[in-house]
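One structure is given here, and the rest of the page talks about it.
Nothing in this text is a laboratory measurement; each read-out follows from the coordinates by a stated rule. Predicted model, so just to flag it, every value in this text is computed and none were measured. Backbone-built Cβ (ideal geometry, glycine too); neighbour counts: all protein chains shown.
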Amino acid sequence: MALILIVDDSPTEVHQMKAILEAAGFRVETAADGDEAIRKARALLPNLILMDIVMPGMDGFRATRALSNDPKTRAIPVIMVSSKSQESDVVWGMRQGAVDYLVKPVSASRLREKAQAALPAG
């Protein structure tokens with residue numbers, strides 16, 4: 001069963017995404033900011049990370065860049081999940097190492113579909 005790390009400082013967003021993904025058969029861990037995300041990613045080595053951008057402390061762009069540059073976590077796909085919908089945000093997120101970018105609010109079906117697509121085959 002694949003493990004997904006949800007990184008978001010909104011308890012409501014975390015609750016919604018967690019419920020959708022657990023119902024789809026995923027195991028879910030959570031982190032509230034970029035620093036916690038990096039610690040948990042290194043410790044748990046999740047199969048996928050869903051990364052918000054606007055968070056206190058280290059934002060999602062910086063956390064994604066750090067994960068992409070770390071040999072221990074660089075193979076973990078990161079999907080940015082943010083209310084920031086400008087094309088420049090999407091481009092910047094992908095340049096930091098994200099494999100995809102979803103704009104909030106994300107429908108349950110789209111979240112499940114994108115999570116499945118980003119997971120390594122196997």
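Over all other residues within a Cβ to Cβ distance under 11 Å of Asp33, the charged ones net out to -3, with Lys and Arg as +1 and Asp and Glu as -1. Pairs of alpha carbons in the chain separated by more than 25 Å make up 11% of all such pairs.
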